[in-house]
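Report on the structure given below.
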Amino acid sequence: MPDSLDNSNESTNFSIGTLFGLAILLCLLVGAGFWFFRPMSGHDRMLDLLEKIKQETSVKNSYLGDAKLRSDLIRFESLAAPIDRFELNWEIAKELLRMGRNDESIERFDEYAETIKAGTARFLTPEEEANYLFDAATAHFRRGETDNCVCSTTGDSCLLPIRGGGVHTDQRGSRKAIDYLDQVLEIEPTEHRAIWLLNVAHMTLGTYPEGVPSQFLIATEKFQSDIEFPRFLNAAPGLGLATLNLSGGTIVDDFDNDGLLDLVSSTWDTAGEIHFFRNQGNGAFADRTEEAGLKGLWGGLNLVQADYDNDGDLDVLVLRGSWLQDAGKHPNSLLQNDGKGHFRDVTFEAGLGDSHHPTSSASWADYDLDGDLDLYVGNEADACQLFQNQGDGTFKNVAAMARVVNLRYTKGVIWGDFDNDRYPDLYVSNLKSDNRLYRNKGDGTFEDVALKLNVAEPKLGFAVWFWDFNNDGNLDLFASSYDQGVVLVADDYLNQTSDVERDRLYQGNGKGGFAEVAVAKGLGSVTQPMGCNFGDLNNDGFSDFYLGTGTPNYAAVMPNLMFLNQGGDSFADVSSAGGFSHLQKGHGVAFADMDNDGDQDVFIQMGGAYPGDAFGNVLFQNPGFDNNSIVIELQGITSNRFAVGCRICCKITEDGKKREVFKWVNSGGSFGANPLRQEIGLGKAEEIEVLEVFWPTTGKTQSFKDVSVNQRIRIVEGQATLEALNWDSIDFSAGK
């Protein structure tokens with residue numbers, strides 16, 4: 001073969017090989033460039049934002065950060081005047097306590113308490129001396145709680161009245177607290193805060209009532225419930241649900257569509273996780289936070305669920321930034337569920353992340369009756385937002401056009417059709433100003449009728465909900481007051497009148513009017529709820545409610561409160577008898593049949609605002625009441641998928657008398673979320689004679705006759721028959 005031909009082939013082969021190599025290199029470079037310059041996903045963008053907030057917490061967050069403490073410690077060394085050193089030391093001691101540095105706090109309190117005892121702190125007034133000694137007592141008492149309740153819990157820990165297993169084994173904290181409280185009461189015998197804490201401290205030592213001086217003794221009957229009631233035991237530690245955290249929210253619902261109720265809880269700690277606990281169905285829960293895709297989605301004071309995209313599974317909205325004012329412009333999170341309990345943050349894609357405002361309250365409803373759920377977010381001192389669902393996975397803020405911007409310090413929002421015209425109305429609870437009742441006009445706009453209907457109070461508004469407490473088929477309204485201070489609780493126990501704003505219970509007439517009946521129904525006490533919800537403890541068909549109480553202040557030692565509905569006529573306080581009177585701070589509450597045994601258990605997310613005020617969550621297991629019930633799942637077709645806003649009516653005969661039980665499909669109150677499937681108590685009724693479901697979107701009612709009790713059913717919008725579902729009881733003890 002000629003040489004020229006051979007050389008030509010080699011040249012051609014070289015050219016082809018070179019071009020092929022260059023092509024591969026170019027592809028690699030383009031791929032690497034695409035990877036390097038690829039647009040950040042909305043989920044990753046949220047992770048970056050929350051990580052930045054987490055890193056800035058020390059400086060910007062007045063509750064969780066320690067920048068002020070560090071600055072004060074440095075400044076203290078430069079002070080010379082005794083009064084200046086005393087006052088700054090006092091502040092430092094309180095800051096150390098809030099940060100959870102109890103021993104350092106106590107050391108500082110004790111050092112300067114000696115100067116008061118020795119009479120060398122002559123620059124203080126008697127009132128200032130009493131206040132200082134009370135703060136020192138609080139520090140020692142809280143250390144006792146940490147050592148005996150937080151770190152070593154029993155079934156009786158922190159339950160008022162403290163007795164049995166709740167008595168402290170390490171008694172140093174309470175003994176020293178009593179020593180200081182005695183000194184306070186020598187200076188100021190009418191200091192009600194000190195009298196209250198003195199009685200509680202003696203309980204922790206097992207020396208109440210005999211150890212309390214008679215002039216300061218709170219009568220034992222003040223710690224008793226209004227009626228006898230069986231005790232609910234805390235099952236959370238044995239189930240792995242007693243996560244130690246700060247204040248936060250909770251949702252109980254089925255997030256992986258296996259028929260079992262799972263649990264999601266949050267903490268407002270900017271370095272704290274949202275926890276996803278999957279119900280294993282064998283009496284145990286498994287922490288599946290990482291598998292659920294929730295790692296790095298820090299913080300969240302409240303949570304609420306909804307199927308915003310109508311795909312048949314429940315998504316989660318996380319609310320952030322509350323109480324922090326300008327420093328609280330944190331993004332909320334909309335977490336889209338894939339149906340198996342795996343979540344992806346779609347806040348920015350959905351149009352909910354364009355602006356960030358401090359908030360802890362939001363509520364879902366189909367306000368325009370177009371078949372999908374819209375969202376109202378109640379912001380603090382900023383304009384509230386009404387996000388209209390566009391039906392394509394995105395939202396548009398139409399609050400201004402709808403006339404619901406509010407522009408007040410919003411702390412609670414809830415939807416409910418109070419005038420029975422099918423269109424959901426909106427109640428907005430505001431702190432330090434009138435509340436709003438926005439009546440839905442059905443044309444996309446709302447009118448505030450709160451003052452006209454006399455439902456604008458309390459002016460220190462907080463958690464709120466619509467419900468039908470007396471089963472007359474009309475929505476009523478509970479609006480709580482957050483008039484803060486442990487002294488107000490002490491006044492109540494000491495039978496002292498105080499100028500305090502109370503909760504309101506507005507009874508609806510179904511025609512758009514209300515009557516305030518709180519005191520008449522037995523609800524005149526001071527409550528100070530932060531988280532709360534309603535459910536049916538004894539399956540009698542009448543809604544009871546639980547209030548998680550407290551304030552950020554470390555001296556805010558007060559019981560959480562459970563009220564039992566007495567047939568719609570009144571409410572009885574069963575807090576202590578039922579074991580619900582927990583002294584630690586309570587937040588998100590959910591009533592739900594966690595173990596599928598036919599009655600509702602109660603979960604409460606516990607913890608305060610400061611790093612040193614963490615506590616484990618509590619699950620009160622229902623002992624059972626031998627009443628009947630039914631679980632109803634509604635499936636919307638024209639209406640929103642989970643039938644939020646629909647009304648259920650069970651017509652029954654009990655003890656020879658006909659009556660009706662009503663439930664509206666929602667997650668309950670404004671701070672804590674019940675399952676969207678409705679768990680309805682039926683008392684002794686042996687069947688539901690007529691079961692009716694009213695669908696507001698279409699205005700149609702489905703009716704079923706002779707429905708068996710003690711079963712779980714699904715009703716599909718427009719279908720003539722109902723579907724029976726599996727309902728297998730779970731033994732919690734098996735998973736311990």
**Asked** Just checking, how many residues over the range 94-117 are within 23 Å of ASP269 (Cβ to Cβ) and of a type in the set (A, V, I, L, M)?
**Response** 3
**Asked** Wholly within the range 290-370, which strands (runs of 3 or more DSSP E) include no fewer than the required count, namely at least 1 residues that are surrounded by fewer than 18 Cβ atoms within 10 Å (Cβ to Cβ)?
**Response** 343-345
**Asked** Name the residues in the range 271-289 that are open to solvent by less than 20 Å² (accessible area, probe 1.4 Å), over 20 Å from MET530 (Cα atoms), out of contact with any helix residue (DSSP H, G or I) (no Cβ under 9 Å at 6 or more places or on another chain) and not small (Gly, Ala, Ser), would you?
**Response** PHE276, ASN279, THR289
**Prompt:** Looking at (1) closer than 23 Å to SER667 by Cα; (2) at pLDDT below 95, can you tell me which one GLN305 breaks?
**Reply:** (2)
**All positions within the range 384-393 that are at negative phi and open to solvent by less than 40 Å² (accessible area, probe 1.4 Å)** = CYS384, GLN385, LEU386, PHE387, ASN389
**Request:** State all residues of the range 522-533 that are outside any loop (DSSP other than H, G, I, E, B) and within 11 Å of LEU564 (Cα to Cα); if no residue qualifies, say none.
**Result:** none
**Message:** Please go through the range 124-148 and give me each residue that is over 27 Å from the mean Cα position of the chain (by Cα), of a type in the set (Ser, Thr, Tyr) and either modelled with pLDDT of 95 or more or at positive phi (or both), ordered by number.
**Reply:** TYR132
**Asked** Out of PHE694, PHE704, which single residue is over 30 Å from PHE285 (Cα atoms), of a type in the set (A, V, I, L, M, F, W, C) and open to solvent by 20 Å² or more (accessible area, probe 1.4 Å)?
**Response** PHE694
**Asked** Which one of ASP492, ASP472, ASP468 is surrounded by fewer than 23 Cβ atoms within 10 Å (Cβ to Cβ) and closer than 23 Å to ARG659 by Cα?
**Response** ASP472
**Request:** Quick one: which residue in THR207, THR267 is of a type in the set (Ser, Thr, Tyr), over 26 Å from ARG163 (Cα atoms) and part of a loop (DSSP other than H, G, I, E, B)?
**Result:** THR267
**Request:** List every residue pair whose Cβ atoms sit under 9 Å apart, with the two residues 6 or more apart in sequence or on different chains, where the first one lies in the range 397-418 and is on the phi > 0 side of the Ramachandran plot and the second, anywhere, is modelled with pLDDT under 95.
**Result:** LEU407/ALA381; LEU407/ASP382
**Asked** Do we have TYR376 as over 23 Å from PRO552 (Cβ atoms), open to solvent by less than 20 Å² (accessible area, probe 1.4 Å), in a loop (DSSP other than H, G, I, E, B) and among the hydroxyl-bearing types (Ser, Thr, Tyr) here?
**Response** no
**Message:** Condition check: at pLDDT below 95, touching a strand residue (DSSP E or B) at 6+ places or on another chain (Cβ under 7 Å) and closer than 19 Å to LEU261 by Cα. Does GLY669 satisfy that?
**Reply:** yes
**Request:** Specify which of the listed residues (GLY531, GLY522, GLY513) is within 20 Å of the chain's Cα centre (by Cα) and either surrounded by 19 or more Cβ atoms within 10 Å (Cβ to Cβ) or in contact (Cβ under 8 Å) with a residue 40 or more places away in the chain (or both).
**Result:** GLY531
**Asked** Do you know which residues across the range 214-258 are touching a helix residue (DSSP H, G or I) at 6+ places or on another chain (Cβ under 8 Å), under 21 Å from ASP491 (Cα atoms) and either open to solvent by 60 Å² or more (accessible area, probe 1.4 Å) or not in a helix (DSSP H, G or I) (or both)?
**Response** LEU217, ILE218, LYS222
**Fill in**
A careful count of residues in the range 56-90 that are over 30 Å from PRO358 (Cβ atoms), part of a loop (DSSP other than H, G, I, E, B) and touching a helix residue (DSSP H, G or I) at 6+ places or on another chain (Cβ under 8 Å) gives 1
**Message:** Can you find a residue that is crowded, with 24+ Cβ neighbours inside 10 Å, closer than 28 Å to TRP727 by Cβ and over 13 Å from the mean Cα position of the chain (by Cα) anywhere in the range 263-270?
**Reply:** no
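The values are calculated or read from the model by the stated rules, or taken from the named source; none is laboratory data. A quick note: this is a predicted structure, and the numbers were derived from the prediction, not measured. Positions of Cβ are generated from backbone atoms using ideal geometry, with glycine treated the same way; all protein chains shown enter the neighbour counts. Quick note on the areas: whole protein, heavy atoms, side chains included, nothing else; ligands and nucleic acids left out. Shrake-Rupley method; radii C 1.70, N 1.55, O 1.52, S 1.80 Å.
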